[in-house]
Amino acid sequence: MLPKYKRILLKLSGESLMGEGNYGIDHRVITQYAYDIKAVTDLGVQVAVVIGGGNIYRGMNEAETGIERAQGDYMGMLATVINGMAMQSGLEKVGLYTRLQSAIKMEQIAEPYIRRRAIRHLEKGRVVIFGAGTGNPYFTTDTAASLRAIEIQADVILKGTRVDGIYTADPEKDPTATRFESITFSEVYQKSLNVMDMTAFTLCQENKLPIIVFDMNKGGNLLQVIMGKNVGTLVKG
């Protein structure tokens, strides 16, 4: 069977990199993600990655941190670059060629984000990691993922989480919650479901970019999604 998608953007949360810890980066999680990504690149799938920074710093609450929102957001952007470097190291250890691109210039460790260069890297089979969000405060890494996916003309955004899809309620709190196999953008709005922040979600809807929410922490799930198997929840239309 051939992969269903040719070019994907994989959105990972920073918190997922903590593993069983309370902060930081668990190398076992990085290793599992790296092997899962290698499994799909071996099929010729082009992979771009955006990672959040919540395992290192989350600067949303100015009242608690005492740091103004814009400053805190820039600190969060730097955290995403740290995670991007860790992911880059993990991917290279399993034999993949990678490029880390940053929306904030830091030439010693990352290329500046240039859309055409990113696409060329993908065409050459390199995994491209986008760091530093959009480079602007007041935007989340969900928004960065949506924006970059649209810019590189990805076929789909794959949002890797710790739950296996979108539910009628929080499955960790409500045992009666049921999972949607697929759902439309309009239904997500109507049911007030939390998939992405509103800016990111609207970008996807307006550009007809489907989203798949799935459990990235289960090894092999990424490959199943790529092959079109019924894993996670598909948001489209």
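For region 137-156, how many residues meet the condition of being in contact with a Phe, Trp or Tyr (Cβ under 7 Å, 6 or more places away or on another chain) and either not charged (D, E, K, R) or not in a helix (DSSP H, G or I) (or both)?
The qualifying residues number 4.
Checking residue 83 against (1) crowded, with 18+ Cβ neighbours inside 10 Å; (2) farther than 19 Å from residue 9 by Cβ, which test does it fail?
(2)
Between a residue in region 69-94 that is more than 18 Å from residue 35 (Cβ to Cβ) and any residue that is basic (Lys, Arg) and surrounded by fewer than 22 Cβ atoms within 10 Å (Cβ to Cβ), which pairs come within a Cβ distance under 7 Å, given they are 6 or more apart or on different chains?
From residues that are more than 18 Å from residue 35 (Cβ to Cβ), the pairs are 76/58.
Considering only region 126-142, I want to know if a residue exists there that is without any contact (Cβ under 8 Å) to a residue 40 or more places away in the chain and touching a Pro at 6+ places or on another chain (Cβ under 6 Å).
no
Out of the residues in region 181-234 meeting the condition of being hydroxyl-bearing (Ser, Thr, Tyr) and within 30 Å of residue 42 (Cβ to Cβ), tell me which one is least open to solvent (accessible area, probe 1.4 Å).
Among them, the one singled out is 233.
For the structure I just gave you, tell me whether residue 175 is modelled with pLDDT under 95 and open to solvent by 80 Å² or more (accessible area, probe 1.4 Å).
Yes: the conditions hold for residue 175.
Could you name every one of the helices (runs of 4 or more DSSP H) located completely within region 177-237 that has at least 3 residues being free of Cβ contacts under 8 Å to residues at least 24 places away in the same chain?
185-191, 198-206
Just to be sure before I move on: is residue 29 open to solvent by 10 Å² or more (accessible area, probe 1.4 Å), part of a helix (DSSP H, G or I) and more than 22 Å from residue 113 (Cβ to Cβ) in the structure I sent?
The answer is yes for residue 29.
So, in region 32-53, of the ones that are in contact with a helix residue (DSSP H, G or I) (Cβ under 6 Å, 6 or more places away or on another chain) and more than 23 Å from residue 150 (Cβ to Cβ), which residue ends up surrounded by the fewest Cβ atoms within 10 Å (Cβ to Cβ)?
Top of the filtered list is 39.
Under 6 Å between Cβ atoms, which residue pairs at least 6 apart in sequence (or on different chains) link something in region 99-121 that is among the charged types (D, E, K, R) with a partner that is open to solvent by less than 40 Å² (accessible area, probe 1.4 Å) and in a helix (DSSP H, G or I)?
Cβ pairs passing all conditions: 99/121.
Does region 140-156 contain any residue that is acidic (Asp, Glu) and crowded, with 19+ Cβ neighbours inside 10 Å?
Checked region 140-156: at least one residue is acidic (Asp, Glu) and crowded, with 19+ Cβ neighbours inside 10 Å.
Just checking, does region 103-122 include any residue being closer than 25 Å to residue 204 by Cβ, open to solvent by 20 Å² or more (accessible area, probe 1.4 Å), touching a strand residue (DSSP E or B) at 6+ places or on another chain (Cβ under 6 Å) and at pLDDT 95 or above?
Yes, region 103-122 has at least one match.
Considering only residues that are of a type in the set (Phe, Trp, Tyr) and within 18 Å of residue 207 (Cα to Cα), which ones fall in region 151-191?
Once the filter is applied, which keeps residues that are of a type in the set (Phe, Trp, Tyr) and within 18 Å of residue 207 (Cα to Cα), region 151-191 yields 185, 189.
The values are calculated or read from the model by the stated rules, or taken from the named source; none is laboratory data. If you're wondering where the values come from, they're calculated on a predicted model, not measured in any experiment. Because the Cβ atoms are built from the backbone with ideal geometry, glycine has one as well, and the counts that use them run over all protein chains shown. Note: accessible area is taken over every heavy atom of the protein model, side chains too, but ligands, DNA and RNA are not part of it. Shrake-Rupley method; radii C 1.70, N 1.55, O 1.52, S 1.80 Å.
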